[in-house]
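Visitor: Sharing a structure with you now.
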Amino acid sequence: MQTSKKGLDLIKEFEGFEAHAYDLGDGGWTIGYGSFNVPGVDEQTVWTKADALKQLAIDVQQFEDAINRIGATLTQNQFDALVSFTYNLGPSWITDYPAMPNALRQQDWNYMTESMLNFIMPGTKFERGLLRRRKAEVKLFNRL
């Protein structure tokens, strides 16, 4: 499967557009719609929205591939929600939390959505924004 416009719009909404590269504090540079450690990007890099959309398409493909490898039968909305979730977290959740991909394969949607809501970094400055994002992802996931 591939991410629909609805899924891309969800990612863009929560990542926001940043024309100037910035460091999240982990030594890597982020730019555009949350693109991270893109070769050639440094503190002086500036992108247009067209540049950011081009890189978003490249970035999203690796997360689509990760979701597709799970081998679950998903609706387009479920797939889009999971790509957004993975875009934000990275694909390591698939191996780090094997009960979640198992739930997807078994179509245990309640377990999956309840689990997604746990990824909010409680007690940090990111908690509120991550909770808002997770709720939006779960809402899309549950939409027929």
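Every number in this text was worked out from the coordinates using simple rules, so none of it is lab data. The model shown is predicted, which means the values in this text are computed figures rather than measured ones. Every residue, glycine as well, gets a Cβ built from its backbone with ideal geometry; the counts of neighbours run over all protein chains shown.
Visitor: Shape of region 68-125 from its Cα gyration tensor (a ≥ b ≥ c, root eigenvalues): rounded if a/c is under 1.5, otherwise prolate when a/b > b/c, or oblate?
Guide: Values: a/c = 1.69, a/b = 1.57, b/c = 1.08.
Prolate.
Visitor: Multiply the residue gap between Lys135 and Thr73 by 0.36 nm, knock off their C-alpha separation, and tell me the result in nm, one decimal place.
Guide: 20.1 nm
Visitor: Something else now. Output the relative contact order of the chain, whole-number percent, from Cα pairs under 8 angstrom with separation of 6+ residues.
Guide: Working: 179 pairs, mean separation 31.6, N = 144.
Relative contact order of the chain: 22 percent.
Visitor: Could you give me D for the chain, from Stokes-Einstein at 25 °C and 0.890 mPa s, where the hydrodynamic radius is the Kirkwood radius over C-alpha pairs? Units µm² s⁻¹, please. Before the final figure, lay out the partial values.
Guide: On the way: Rh = 15.7 Å.
The calculation lands on 156 µm²/s.
Visitor: Where the centre of each part is set by its Cα atoms, how far does region 1-73 sit from region 117-143, in angstrom?
Guide: When both Cα centres are located, 18 Å separates them.
Visitor: Testing the spin-label approximation: label points 7 Å from Cα along Cα→Cβ at Asp42 and Tyr111. State their distance in nm.
Guide: 4.8
Visitor: Helix 49-70 sits at what angle to the longest principal axis of the chain, using alpha carbons and giving 0 to 90 degrees rounded to 10?
Guide: 30
Visitor: Under a cut-off of 17 Å between alpha-carbon atoms, report the aspartates and glutamates in cross-link reach of Lys12, not counting same-chain residues fewer than 8 places apart.
Guide: Partners found: Asp51, Asp59, Glu64, Asp80, Glu137.
Visitor: To continue, here is another question. Return the subset of Lys49/Lys139; Lys49/Lys125; Lys5/Lys54; Lys54/Lys125; Lys5/Lys139 for which the Cα-Cα distance in this structure is over 19 Å, preserving the input order. Working shown, then result.
Guide: Numbers: Lys49/Lys139 27 Å; Lys49/Lys125 27 Å; Lys5/Lys54 14 Å; Lys54/Lys125 30 Å; Lys5/Lys139 16 Å.
Pairs exceeding the cut-off: Lys49/Lys139; Lys49/Lys125; Lys54/Lys125.
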